[in-house]
Amino acid sequence: KKLKADYEILCKIKKVLMDEKRHIRFGDWNAADIEVLNKHLFITSKPMIYLVNLSEKDFIRKKNKWLPKIKEYVDKHDPGAMIIPISGAFEQKLLEFETEEDRKAFEQETKCTSSLSKVIVQGYKALQLAYFFTAGPDEVKAWTILKGSKAPQAAGRIHTDFEKGFIMAEVMKFADFKEHGSEAAVKAAGGYRQQGKNYVVEDGDIIFFKFNAGAGLTAGKKK
């Protein structure tokens with residue numbers, strides 16, 4: 001019975017792909033369909049970003065005869081998808097400069113900068129990802145989570161015991177930290193908040209988690 005249901009869903013997927021010639025992500029899927037789709041990881045079910053590799057010359061002058069045609073194709077077949085012009089040759093040249101001063105001088109001269117940051121940021125957005133920071137005396141770490149994750153699930157990215165024994169999250173925004181310059185200054189400005197288990201972590205949060213260190217051991221014994 002279960003295999004019959006899976007077969008019917010796969011036939012529905014085949015119809016979208018083969019008969020309608022559409023990407024899977026444009027189909028109308030219910031919860032049962034999505035469960036089957038997630039087993040197979042079809043590439044057209046994933047969001048798309050189009051990277052157009054230009055010559056260094058075209059990238060600098062921001063012109064290429066193929067760009068309008070590529071945009072026309074993407075608008076027709078994948079409405080709303082992002083197109084990012086990038087130049088591998090330009091990126092390579094930036095890496096070859098021996099000093100930061102030389103690199104910045106070249107960027108000022110050409111009035112162009114690296115596209116890699118944009119690719120990373122838009123990739124995160126397309127995949128519905130966000131990140132939060134944890135910081136200590138010796139290091140700062142960024143952790144990737146799905147957008148909409150609550151504080152305990154975010155804590156679980158660091159260690160499962162953090163999620164099992166979650167007590168609270170002490171949170172400040174990166175923008176506040178950048179503006180005020182220190183944790184103490186953010187606290188003085190009222191930007192340091194204590195959040196509970198229902199807090200939805202926001203992109204760029206700086207978080208200190210408090211948790212019950214024995215919770216993971218207790219849960220393990222119950223098993």
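The values are calculated or read from the model by the stated rules, or taken from the named source; none is laboratory data. The model shown is predicted, which means the values in this text are computed figures rather than measured ones. All Cβ positions, even for glycine, are placed from backbone atoms using ideal geometry, and neighbour counts span all protein chains on display. Ligands, DNA and RNA are excluded from the accessible area calculation, which covers all protein heavy atoms including side chains. Shrake-Rupley method; radii C 1.70, N 1.55, O 1.52, S 1.80 Å.
Here the peptides 87-96, 3-12, 201-210 are ranked by packing, the mean other Cβ count within 10 Å, and the order with the highest first is 201-210, 87-96, 3-12. Multiplying the residue separation of GLU72 and ALA5 by 0.36 nm and subtracting their alpha-carbon distance yields 20.2 nm. In a fully extended conformation the segment linking LYS12 and ASN38 would gain 7.9 nm over its present Cα-Cα distance, using 0.36 nm per residue. Remark on LEU129: its backbone amide H falls under 5 Å from those of LYS147, a criterion applied only to residues 5 or more positions apart or on other chains, H modelled at 1.01 Å from N. Pairs exceeding a 26 Å alpha-carbon distance, out of LYS69/LYS118; LYS62/LYS178; LYS14/LYS147; LYS147/LYS173; LYS125/LYS178: LYS62/LYS178; LYS14/LYS147. Protein heavy-atom accessible surface, 1.4 Å probe, per residue over the chain: 69 Å².
Estimated from helices alone, the mean residue ellipticity of the chain at 222 nm is -13000 deg cm²/dmol (sum of -39500 (n - 2.57) over DSSP H runs with n ≥ 4, per residue). Think of region 1-86 as a dipole: +1 on every Lys or Arg Cβ, -1 on every Asp or Glu Cβ, centred on the Cα centre; then among ILE34, THR44, ASN64, ASN64 lies furthest on the positive end. Pairs of C-alpha atoms in region 119-223 farther apart than 17 Å represent 56 percent of all such pairs. Averaged over residues, the count of other Cβ atoms within 10 Å places the peptides 130-137, 59-66 in the sequence 130-137, 59-66, highest first.
Of all DSSP bridge pairs formed entirely within the chain, close to 75 percent run antiparallel.
From a point 7 Å beyond the Cα of GLN195 in the direction of its Cβ, which residues of region 128-149 have a backbone N at a distance under 13 Å? In region 128-149, the label zone of GLN195 (backbone N under 13 Å from the point 7 Å along Cα→Cβ) covers 130-134, 145-149.
Here, the chain is characterised by an Rg to Rh ratio of 1.07, where Rg is the alpha-carbon radius of gyration and Rh the Kirkwood radius.
For GLN195, the residues 5 or more places off, or on other chains, whose built amide H falls under 5 Å of its own are ALA169, GLU170, VAL171.
Distant-in-sequence amide contacts of PHE211, defined by a placed amide H-H separation under 5 Å and a gap of 5 or more residues or a different chain, comprise ILE167. Available extension along the chain between GLU139 and LYS104 is 9.9 nm, counting 0.36 nm per residue and deducting the alpha carbon span. For the chain, averaging the sequence separation of C-alpha pairs within contact (under 8 Å, six or more residues apart) and dividing by the residue count gives a relative contact order of 15 percent. Across q = 0.22 Å⁻¹, region 42-121 modelled as identical point scatterers on its alpha-carbon atoms has Debye log10 I(q)/I(0) values of -1.05, in the order of the q list.
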